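Novice: Shown below is the structure under consideration.
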Amino acid sequence: GEEDCNAGMMPNRAAVSTARRRLYETGVYRSVEISLEPAPGGASPEGTSTNRPVVAKVRVEERARYSFRYGIAVNSDRISSEERDTRLGFAADLSNRNVFGSGMTAGVSLRLRRDQEVARLFLSANRFFVLPLRSNVFLSRERQDIGSSTDSPTDVQTVADVTEISAEQVFRLRRLIDLRYGYGIGRNRTTISDSDFDLTVRVARLQTSALVDRRSD
């Protein structure tokens with residue numbers, strides 16, 4: 001859509017860039033264009049030659065509410081000088097970018113490979129209640145074959161089942177720095193077929209990182 005906004009003074013390039021960035025950060029728009037045009041019949045204030053009323057035209061294009069992506073991957077690892085292990089994988093993601101009309105994004109992703117299966121649910125919001133904190137919550141389930149042996153008459157498999165829930169937030173510090181912090185807790189159960197080995201452990205992770213972005217546009 002397109003909207004005209006009257007301004008009482010000529011905004012500078014930094015103000016226009018900031019307005020564009022804030023619209024992108026809502027996560028609702030895939031395209032944002034802001035153009036400044038002289039106001040019809042507008043005249044420069046007395047004693048000035050450059051400042052005059054303008055009309056800011058903002059044209060935005062919304063992102064599609066639903067998104068579905070899928071793809072395949074081929075991994076080929078050399079086991080020995082004469083043997084390679086080639087595995088085919090499949091991936092798919094489905095997301096809704098405006099859950100209940102709230103602007104939050106929810107989705108599910110799936111990764112399948114001969115030795116690995118991963119499913120993940122996630123919920124993302126650009127604000128945490130009234131605070132400008134981008135927040136994400138993940139729930140994942142993974143089953144992975146971490147080792148197998150064919151030396152015995154029956155195949156022996158070592159399988160790890162991992163369930164994890166995690167949350168993270170992103171805080172913008174002084175416009176140039178994004179500070180990310182999060183916490184996750186999960187359960188890892190490892191079993192070996194044809195044996196009594198069954199080990200379950202709980203794992204907790206506290207992580208943080210920072211991103212510095214000095215781009216002007």
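The values are calculated or read from the model by the stated rules, or taken from the named source; none is laboratory data. Note that the coordinates shown come from a computational prediction; the quantities given were computed from them, not determined experimentally. Positions of Cβ are generated from backbone atoms using ideal geometry, with glycine treated the same way; all protein chains shown enter the neighbour counts. Note: accessible area is taken over every heavy atom of the protein model, side chains too, but ligands, DNA and RNA are not part of it. Shrake-Rupley method; radii C 1.70, N 1.55, O 1.52, S 1.80 Å.
Novice: Go over the candidates 114, 78 one by one and state the one that is in contact (Cβ under 8 Å) with a residue 24 or more places away in the chain, closer than 27 Å to residue 144 by Cβ and basic (Lys, Arg).
Specialist: From the options 114, 78, the qualifying one is 114.
Novice: Of the numbered conditions (1) open to solvent by 30 Å² or more (accessible area, probe 1.4 Å); (2) touching an Asp or Glu at 6+ places or on another chain (Cβ under 7 Å); (3) farther than 26 Å from residue 200 by Cα, residue 145 fails exactly one; give the number of that condition.
Specialist: (3)
Novice: Looking at 116, 169, can you tell me which residue is more than 17 Å from the chain's Cα centre (by Cα) and polar (S, T, N, Q)?
Specialist: Selected residue: 116, the only one of 116, 169 that is more than 17 Å from the chain's Cα centre (by Cα) and polar (S, T, N, Q).
One line per residue, one yes/no per condition, for (1) modelled with pLDDT of 95 or more; (2) over 25 Å from residue 97 (Cα atoms); (3) more than 22 Å from the chain's Cα centre (by Cα):
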{"position": "127", "(1), (2), (3)": "no, no, no"}
{"position": "134", "(1), (2), (3)": "no, no, no"}
{"position": "151", "(1), (2), (3)": "no, yes, yes"}
{"position": "157", "(1), (2), (3)": "no, yes, yes"}
{"position": "164", "(1), (2), (3)": "yes, no, no"}
{"position": "173", "(1), (2), (3)": "no, yes, no"}
{"position": "176", "(1), (2), (3)": "no, yes, no"}
{"position": "198", "(1), (2), (3)": "no, yes, yes"}
{"position": "211", "(1), (2), (3)": "no, no, no"}
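Novice: Keeping to region 182-204, report how many residues are surrounded by fewer than 11 Cβ atoms within 10 Å (Cβ to Cβ), part of a strand (DSSP E or B) and of a type in the set (Gly, Ala, Ser).
Specialist: Going through region 182-204 one residue at a time, the tally reaches 1.
Novice: Do you know which of the residues in region 76-98 that are at pLDDT below 85 and open to solvent by less than 90 Å² (accessible area, probe 1.4 Å) is farthest from residue 126 (Cα to Cα)?
Specialist: 80
Novice: Name the residues in region 159-178 that are open to solvent by 30 Å² or more (accessible area, probe 1.4 Å) and either in a strand (DSSP E or B) or closer than 30 Å to residue 113 by Cβ (or both), would you?
Specialist: Scanning region 159-178 gives 162, 163, 164, 165, 167, 168, 169, 171, 172, 173, 177.
Novice: So which residues in region 136-149 are modelled with pLDDT of 95 or more and of a type in the set (Gly, Ala, Ser), if there are any at all?
Specialist: Residue satisfying the conditions is 140 alone.
Novice: While we're looking at this one, here's another question. Here is a list of conditions, (1) more than 30 Å from residue 95 (Cβ to Cβ); (2) at pLDDT below 70, and residue 14 meets all of them except one; can you say which number that is?
Specialist: Going through the list (1) more than 30 Å from residue 95 (Cβ to Cβ); (2) at pLDDT below 70, residue 14 breaks only (2).
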